[in-house]
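Remarks on the structure that follows.
The values are calculated or read from the model by the stated rules, or taken from the named source; none is laboratory data. Being a predicted model, the structure only gives us computed values, none of them experimental. In this analysis, Cβ positions are derived from the backbone assuming ideal geometry, glycine residues included, and neighbour counts consider all displayed protein chains. These accessible areas exclude ligands, DNA and RNA; they are computed on the full protein's heavy atoms, side chains included. Shrake-Rupley method; radii C 1.70, N 1.55, O 1.52, S 1.80 Å.
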Amino acid sequence: INAEYMGIAILLPEPVEKVGKKLTVGGMFKESLGQLMAVINSTNPHWIRCIKPHPAKKPGMWDGVEVNGQLSSSGVIGTVKVRKAGYPIRLPFLDFLKRFRLLKPGPLSDAEGTCRGIIDQMKFDPKVVQVGTTRIFMKNEPYSALEDAIAEASAKYVLVLQAYLLAQIAQRDAREREYEGSKVQLKEGLKASIQLLSEEGKGRRGVFAEEQEAWAALEAQGAAAKLENLVVMETAERGAIRDEHHALMQQLTEQEEEERGTVEARRLAAEKEARERLLAAIASFDEDEDSARTAIADEEDERWLKLERTAHAEQAARDELREEEAD
(Lines give C-alpha, C1' and ligand atoms only; values in the text may rest on other atoms or scores of the structure.)
Protein backbone atom coordinates (compact mmCIF):
# COMPACT_ATOMS: atom_id res chain seq x y z
CA ILE A 1 0.00 0.00 0.00
CA ASN A 2 1.33 3.42 -0.93
CA ALA A 3 1.99 5.93 1.83
CA GLU A 4 -0.60 8.35 0.45
CA TYR A 5 -3.35 5.71 0.82
CA MET A 6 -2.17 4.52 4.25
CA GLY A 7 -4.59 6.91 6.04
CA ILE A 8 -7.57 5.53 4.12
CA ALA A 9 -6.53 1.97 4.95
CA ILE A 10 -6.37 2.82 8.64
CA LEU A 11 -9.69 4.70 8.78
CA LEU A 12 -11.77 2.33 6.67
CA PRO A 13 -12.23 -1.37 7.44
CA GLU A 14 -11.09 -3.98 5.01
CA PRO A 15 -13.83 -4.47 2.42
CA VAL A 16 -15.65 -7.75 2.26
CA GLU A 17 -15.14 -9.40 -1.11
CA LYS A 18 -18.40 -10.01 -2.94
CA VAL A 19 -19.12 -12.16 -5.93
CA GLY A 20 -20.75 -9.33 -7.84
CA LYS A 21 -19.51 -5.83 -8.53
CA LYS A 22 -16.30 -4.81 -6.76
CA LEU A 23 -16.87 -2.41 -3.84
CA THR A 24 -15.15 0.96 -4.28
CA VAL A 25 -14.12 3.51 -1.63
CA GLY A 26 -17.16 5.63 -2.50
CA GLY A 27 -19.41 2.60 -2.21
CA MET A 28 -17.94 1.75 1.17
CA PHE A 29 -18.53 5.32 2.34
CA LYS A 30 -22.08 5.23 1.04
CA GLU A 31 -22.80 1.94 2.80
CA SER A 32 -21.27 3.25 6.06
CA LEU A 33 -23.31 6.43 5.75
CA GLY A 34 -26.47 4.42 5.20
CA GLN A 35 -25.80 2.38 8.33
CA LEU A 36 -25.15 5.58 10.30
CA MET A 37 -28.40 7.19 9.10
CA ALA A 38 -30.30 4.00 10.01
CA VAL A 39 -28.92 4.19 13.54
CA ILE A 40 -29.72 7.92 13.78
CA ASN A 41 -33.28 7.43 12.52
CA SER A 42 -33.87 4.65 15.04
CA THR A 43 -32.93 6.93 17.97
CA ASN A 44 -33.98 10.33 19.28
CA PRO A 45 -30.77 12.41 19.07
CA HIS A 46 -30.25 15.79 20.70
CA TRP A 47 -27.79 18.17 19.06
CA ILE A 48 -25.83 20.72 21.06
CA ARG A 49 -24.25 23.80 19.52
CA CYS A 50 -21.13 25.07 21.25
CA ILE A 51 -20.55 28.82 20.99
CA LYS A 52 -17.11 30.30 21.72
CA PRO A 53 -17.63 33.53 23.73
CA HIS A 54 -14.23 35.13 22.94
CA PRO A 55 -10.82 34.22 21.48
CA ALA A 56 -8.76 35.25 24.55
CA LYS A 57 -9.42 32.02 26.53
CA LYS A 58 -10.06 33.97 29.75
CA PRO A 59 -13.01 33.77 32.14
CA GLY A 60 -15.57 36.54 32.49
CA MET A 61 -15.25 37.85 28.89
CA TRP A 62 -17.81 38.14 26.10
CA ASP A 63 -17.28 39.16 22.48
CA GLY A 64 -20.65 39.97 20.98
CA VAL A 65 -19.39 40.31 17.42
CA GLU A 66 -17.76 36.88 17.41
CA VAL A 67 -20.74 35.22 19.06
CA ASN A 68 -23.09 36.86 16.55
CA GLY A 69 -20.91 35.61 13.71
CA GLN A 70 -20.98 32.04 15.06
CA LEU A 71 -24.74 32.14 15.47
CA SER A 72 -25.15 33.43 11.92
CA SER A 73 -22.79 30.79 10.52
CA SER A 74 -24.55 27.95 12.33
CA GLY A 75 -27.96 29.11 11.08
CA VAL A 76 -29.45 29.88 14.49
CA ILE A 77 -30.25 33.51 13.67
CA GLY A 78 -31.74 32.46 10.35
CA THR A 79 -33.88 29.85 12.09
CA VAL A 80 -35.11 32.44 14.58
CA LYS A 81 -36.00 34.84 11.77
CA VAL A 82 -37.88 32.11 9.92
CA ARG A 83 -39.69 31.17 13.11
CA LYS A 84 -40.66 34.77 13.85
CA ALA A 85 -41.82 35.28 10.27
CA GLY A 86 -44.22 32.33 10.59
CA TYR A 87 -46.55 31.19 13.40
CA PRO A 88 -44.33 29.65 16.08
CA ILE A 89 -47.18 28.98 18.54
CA ARG A 90 -49.69 26.36 17.39
CA LEU A 91 -52.20 25.22 19.98
CA PRO A 92 -55.00 22.67 19.38
CA PHE A 93 -58.50 23.94 20.10
CA LEU A 94 -58.92 21.99 23.36
CA ASP A 95 -55.51 23.05 24.70
CA PHE A 96 -56.26 26.67 23.76
CA LEU A 97 -59.59 26.49 25.63
CA LYS A 98 -58.05 24.87 28.70
CA ARG A 99 -55.61 27.77 28.97
CA PHE A 100 -57.76 30.78 27.97
CA ARG A 101 -61.35 29.69 28.63
CA LEU A 102 -61.71 32.17 31.50
CA LEU A 103 -61.62 35.05 29.00
CA LYS A 104 -64.93 33.94 27.45
CA PRO A 105 -66.54 30.79 28.88
CA GLY A 106 -68.13 28.53 26.30
CA PRO A 107 -69.02 24.87 25.66
CA LEU A 108 -66.23 22.38 24.94
CA SER A 109 -68.46 20.67 22.38
CA ASP A 110 -68.06 23.70 20.09
CA ALA A 111 -64.33 24.20 20.68
CA GLU A 112 -63.66 25.99 17.39
CA GLY A 113 -66.51 28.47 17.91
CA THR A 114 -65.41 29.23 21.45
CA CYS A 115 -61.82 29.79 20.28
CA ARG A 116 -63.01 32.16 17.56
CA GLY A 117 -65.07 34.03 20.16
CA ILE A 118 -62.01 34.53 22.37
CA ILE A 119 -59.92 35.77 19.41
CA ASP A 120 -62.69 38.13 18.28
CA GLN A 121 -63.00 39.47 21.80
CA MET A 122 -59.25 40.24 21.91
CA LYS A 123 -59.52 41.99 18.47
CA PHE A 124 -56.29 40.56 17.04
CA ASP A 125 -54.99 41.40 13.60
CA PRO A 126 -55.54 38.45 11.18
CA LYS A 127 -51.88 38.76 10.19
CA VAL A 128 -50.73 37.61 13.64
CA VAL A 129 -53.49 35.08 14.49
CA GLN A 130 -55.09 32.47 12.21
CA VAL A 131 -57.65 29.76 12.97
CA GLY A 132 -56.86 26.46 11.29
CA THR A 133 -58.81 23.24 10.94
CA THR A 134 -57.76 21.76 14.29
CA ARG A 135 -55.61 24.40 16.00
CA ILE A 136 -54.83 28.10 16.51
CA PHE A 137 -51.75 29.64 14.84
CA MET A 138 -50.25 32.64 16.65
CA LYS A 139 -47.19 34.81 16.75
CA ASN A 140 -45.48 35.72 20.00
CA GLU A 141 -47.18 39.13 20.42
CA PRO A 142 -50.81 37.90 20.59
CA TYR A 143 -49.79 34.98 22.80
CA SER A 144 -48.21 37.42 25.27
CA ALA A 145 -51.37 39.54 25.16
CA LEU A 146 -53.49 36.45 25.91
CA GLU A 147 -51.24 35.54 28.83
CA ASP A 148 -51.62 39.06 30.26
CA ALA A 149 -55.39 38.91 29.81
CA ILE A 150 -55.68 35.50 31.49
CA ALA A 151 -53.53 36.74 34.37
CA GLU A 152 -55.82 39.73 34.85
CA ALA A 153 -58.96 37.56 34.67
CA SER A 154 -57.48 35.08 37.13
CA ALA A 155 -56.72 37.94 39.52
CA LYS A 156 -60.40 38.98 39.41
CA TYR A 157 -61.54 35.45 40.22
CA VAL A 158 -58.99 35.25 43.02
CA LEU A 159 -60.33 38.49 44.52
CA VAL A 160 -63.88 37.11 44.41
CA LEU A 161 -62.72 33.88 46.05
CA GLN A 162 -60.82 35.80 48.73
CA ALA A 163 -63.88 37.93 49.46
CA TYR A 164 -66.02 34.80 49.78
CA LEU A 165 -63.52 33.13 52.13
CA LEU A 166 -63.22 36.28 54.26
CA ALA A 167 -67.02 36.45 54.48
CA GLN A 168 -67.15 32.81 55.58
CA ILE A 169 -64.50 33.44 58.22
CA ALA A 170 -66.38 36.50 59.49
CA GLN A 171 -69.64 34.52 59.68
CA ARG A 172 -67.87 31.72 61.55
CA ASP A 173 -66.43 34.22 64.06
CA ALA A 174 -69.87 35.78 64.51
CA ARG A 175 -71.42 32.36 65.17
CA GLU A 176 -68.69 31.57 67.68
CA ARG A 177 -69.29 34.87 69.47
CA GLU A 178 -73.02 34.16 69.50
CA TYR A 179 -72.33 30.71 70.91
CA GLU A 180 -70.08 32.17 73.60
CA GLY A 181 -72.81 34.65 74.51
CA SER A 182 -75.39 31.86 74.79
CA LYS A 183 -72.97 29.90 76.99
CA VAL A 184 -72.68 32.90 79.31
CA GLN A 185 -76.48 33.14 79.51
CA LEU A 186 -76.78 29.43 80.28
CA LYS A 187 -74.14 29.71 83.00
CA GLU A 188 -76.01 32.62 84.55
CA GLY A 189 -79.25 30.61 84.39
CA LEU A 190 -77.55 27.67 86.08
CA LYS A 191 -76.16 29.93 88.81
CA ALA A 192 -79.63 31.35 89.38
CA SER A 193 -81.08 27.84 89.58
CA ILE A 194 -78.42 26.77 92.06
CA GLN A 195 -79.09 29.85 94.18
CA LEU A 196 -82.82 29.13 94.02
CA LEU A 197 -82.21 25.54 95.15
CA SER A 198 -80.05 26.79 98.01
CA GLU A 199 -82.74 29.19 99.16
CA GLU A 200 -85.32 26.43 98.76
CA GLY A 201 -83.19 24.14 100.94
CA LYS A 202 -82.93 26.82 103.62
CA GLY A 203 -86.70 27.28 103.48
CA ARG A 204 -87.26 23.54 103.70
CA ARG A 205 -85.05 23.30 106.73
CA GLY A 206 -86.99 26.12 108.37
CA VAL A 207 -90.29 24.49 107.46
CA PHE A 208 -89.04 21.17 108.79
CA ALA A 209 -88.10 22.79 112.08
CA GLU A 210 -91.50 24.40 112.28
CA GLU A 211 -93.11 21.06 111.46
CA GLN A 212 -91.21 19.40 114.25
CA GLU A 213 -92.36 22.03 116.70
CA ALA A 214 -95.91 21.80 115.42
CA TRP A 215 -95.81 18.00 115.59
CA ALA A 216 -94.67 18.12 119.17
CA ALA A 217 -97.45 20.58 119.99
CA LEU A 218 -100.07 18.51 118.14
CA GLU A 219 -98.96 15.33 119.84
CA ALA A 220 -99.31 17.12 123.09
CA GLN A 221 -102.82 18.20 122.07
CA GLY A 222 -103.69 14.79 120.56
CA ALA A 223 -104.12 16.10 117.00
CA ALA A 224 -101.85 13.62 115.19
CA ALA A 225 -104.39 13.10 112.38
CA LYS A 226 -104.28 16.74 111.35
CA LEU A 227 -100.51 16.68 111.36
CA GLU A 228 -100.47 13.69 109.01
CA ASN A 229 -102.62 15.60 106.55
CA LEU A 230 -100.19 18.48 106.72
CA VAL A 231 -97.28 16.10 106.05
CA VAL A 232 -99.04 14.64 102.98
CA MET A 233 -99.70 18.12 101.63
CA GLU A 234 -96.08 19.17 102.23
CA THR A 235 -94.80 16.04 100.50
CA ALA A 236 -97.00 16.75 97.46
CA GLU A 237 -95.77 20.32 97.35
CA ARG A 238 -92.14 19.15 97.56
CA GLY A 239 -92.66 16.66 94.70
CA ALA A 240 -94.21 19.36 92.52
CA ILE A 241 -91.29 21.72 93.21
CA ARG A 242 -88.77 18.94 92.50
CA ASP A 243 -90.46 18.03 89.19
CA GLU A 244 -90.55 21.65 88.12
CA HIS A 245 -86.84 22.05 88.95
CA HIS A 246 -85.88 18.90 86.97
CA ALA A 247 -87.92 20.03 83.97
CA LEU A 248 -86.21 23.44 84.01
CA MET A 249 -82.71 21.88 84.23
CA GLN A 250 -83.48 19.42 81.38
CA GLN A 251 -84.80 22.22 79.16
CA LEU A 252 -81.67 24.34 79.75
CA THR A 253 -79.38 21.35 79.00
CA GLU A 254 -81.21 20.46 75.75
CA GLN A 255 -81.14 24.07 74.60
CA GLU A 256 -77.37 24.30 75.22
CA GLU A 257 -76.65 21.03 73.34
CA GLU A 258 -78.86 22.02 70.39
CA GLU A 259 -77.19 25.44 69.99
CA ARG A 260 -73.70 23.93 70.27
CA GLY A 261 -74.41 21.24 67.61
CA THR A 262 -75.97 23.77 65.19
CA VAL A 263 -73.04 26.18 65.41
CA GLU A 264 -70.43 23.41 65.00
CA ALA A 265 -72.24 21.85 62.01
CA ARG A 266 -72.51 25.21 60.23
CA ARG A 267 -68.84 25.96 60.83
CA LEU A 268 -67.64 22.57 59.52
CA ALA A 269 -69.88 22.73 56.44
CA ALA A 270 -68.68 26.25 55.55
CA GLU A 271 -64.99 25.33 55.97
CA LYS A 272 -65.38 22.16 53.86
CA GLU A 273 -67.17 23.98 51.04
CA ALA A 274 -64.59 26.81 50.94
CA ARG A 275 -61.67 24.35 50.98
CA GLU A 276 -63.15 22.30 48.11
CA ARG A 277 -63.76 25.38 45.96
CA LEU A 278 -60.24 26.70 46.57
CA LEU A 279 -58.58 23.35 45.73
CA ALA A 280 -60.71 22.98 42.59
CA ALA A 281 -59.74 26.46 41.35
CA ILE A 282 -56.01 25.93 42.01
CA ALA A 283 -56.01 22.47 40.35
CA SER A 284 -57.81 23.86 37.28
CA PHE A 285 -55.31 26.73 36.88
CA ASP A 286 -52.27 24.40 37.34
CA GLU A 287 -53.61 21.79 34.92
CA ASP A 288 -54.34 24.34 32.20
CA GLU A 289 -50.92 25.99 32.53
CA ASP A 290 -49.03 22.64 32.51
CA SER A 291 -50.94 21.44 29.44
CA ALA A 292 -50.16 24.60 27.43
CA ARG A 293 -46.48 24.54 28.37
CA THR A 294 -46.14 20.83 27.54
CA ALA A 295 -47.77 21.28 24.13
CA ILE A 296 -45.48 24.21 23.22
CA ALA A 297 -42.34 22.36 24.40
CA ASP A 298 -43.26 19.20 22.44
CA GLU A 299 -43.86 21.11 19.22
CA GLU A 300 -40.60 23.04 19.65
CA ASP A 301 -38.58 19.83 20.18
CA GLU A 302 -40.17 18.14 17.16
CA ARG A 303 -39.44 21.14 14.90
CA TRP A 304 -35.80 21.32 16.00
CA LEU A 305 -35.36 17.56 15.45
CA LYS A 306 -36.75 17.78 11.92
CA LEU A 307 -34.48 20.72 11.07
CA GLU A 308 -31.42 18.89 12.39
CA ARG A 309 -32.25 15.71 10.50
CA THR A 310 -32.77 17.68 7.28
CA ALA A 311 -29.45 19.50 7.73
CA HIS A 312 -27.55 16.27 8.36
CA ALA A 313 -29.16 14.55 5.40
CA GLU A 314 -28.25 17.48 3.11
CA GLN A 315 -24.66 17.48 4.45
CA ALA A 316 -24.36 13.73 3.88
CA ALA A 317 -25.65 14.10 0.32
CA ARG A 318 -23.14 16.89 -0.35
CA ASP A 319 -20.28 14.76 1.00
CA GLU A 320 -21.36 11.83 -1.14
CA LEU A 321 -21.42 14.00 -4.27
CA ARG A 322 -17.98 15.33 -3.45
CA GLU A 323 -16.61 11.82 -2.98
CA GLU A 324 -18.10 10.65 -6.27
CA GLU A 325 -16.70 13.68 -8.08
CA ALA A 326 -13.27 13.03 -6.52
CA ASP A 327 -13.40 9.40 -7.68
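Can you give me the accessible area per residue for the chain, using a 1.4 Å probe, in Å²?
Per residue, the chain has an accessible area of 73 Å².
Can you return the lysines within cross-link range of K58? Criterion is Cα-Cα under 25 Å, with same-chain partners fewer than 8 residues away left out.
Hits, sequence-local ones excluded: zero.
Can you show me the helix-derived [θ] at 222 nm for the chain, built from DSSP H runs with n ≥ 4 at -39,500 (n - 2.57) apiece and divided by the number of residues, rounded to the nearest 500.
Only helices count here, giving -27500 deg cm²/dmol.
Taking the Cα centre of region 144-220 as origin and charging only Cβ (+1 Lys, Arg; -1 Asp, Glu), how large is the dipole, in debye to the nearest 20?
Magnitude of the dipole: close to 80 debye.
Calculate the spin-label point distance for N68 paired with M249, positioning each point 7 Å from the Cα along the beta-carbon direction, and give it in nanometres.
9.6
Relative contact order of the chain, please, whole-number percent, based on alpha carbon pairs below 8 angstrom and at least 6 residues apart.
So the answer I get is 21 percent.
Roughly how many nanometres apart are two label points built 7 Å out from the Cα toward the Cβ at L94 and H312?
Reported label-point gap for L94 and H312 is 3.3 nm.
With the contact rule set at Cα under 8 Å and sequence spacing of 6 or more, what percent relative contact order holds for region 159-311?
Details: 20 pairs, mean separation 66.8, N = 153.
Normalised by residue count, the contact order of region 159-311 is 44 percent.
Out of residues 5 or more away from I89 or on other chains, whose amide H comes under 5 Å of its own, with H placed 1.01 Å from N in the peptide plane?
M138
How many nm is it between the label spots at E271 and Q195, if each spot is 7 Å from the Cα in line with the beta carbon?
With each label placed 7 Å out from Cα toward Cβ, I get 3.7 nm.
Report, in degrees rounded to the nearest 10, the 0 to 90 angle that the Cα long axis of helix 64-74 makes with the longest principal axis of the chain.
70
Rounded, prolate or oblate: which fits the chain when a ≥ b ≥ c are the square roots of the eigenvalues of the alpha-carbon gyration tensor, with rounded for a/c under 1.5 and prolate only if a/b beats b/c?
Prolate.
Tell me the angle of helix 224-326 to the major Cα principal axis of the chain, expressed in degrees between 0 and 90 and rounded to the nearest ten.
Relative to the chain, helix 224-326 is tipped by roughly 0 degrees.
Over the chain, what percent of the accessible surface lies on carbon and sulfur atoms, probe 1.4 Å?
On the chain, the fraction of accessible area on carbon and sulfur atoms equals 58 percent.
Explain nothing, just the number: dipole magnitude of region 190-327 about its Cα centre with +1 on each Lys and Arg Cβ and -1 on each Asp and Glu Cβ, in debye rounded to the nearest 20.
So the dipole magnitude of region 190-327 works out to roughly 1880 debye.
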